[in-house]
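**Q** There's a structure below that I have some questions on.
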């Protein structure tokens, strides 16, 4: 290996990271997550997540 090269380690990606990767969907060329998966990730109710989204629209 050359200096500065990072070797992929299969043990580095475990647990929560894998769950997040599995919840990302590809729809019409865009990566998306469902509101229920995001709410579970942030440990809030779906309704609370949607309220926050509505409050922070830009």
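No value in this document is a laboratory result; all are computed from the given coordinates. What you see is a predicted model, and the numbers here were worked out from it, not measured in a lab. Cβ coordinates were reconstructed from backbone atoms using ideal geometry, including for glycine residues, and neighbour counts include every protein chain displayed.
**Q** I need the fraction of alpha carbon pairs in segment 19-58 separated by more than 14 Å, rounded to a whole percent. Don't skip to the end; give the middle numbers.
**A** Values: 403 of 780 pairs.
Cα-Cα pairs in segment 19-58 separated by more than 14 Å: 52 percent.
**Q** What order do you get for 38-50, 22-34 when each peptide is scored by the mean count of other beta carbon atoms within 10 Å, highest first?
**A** 38-50, 22-34
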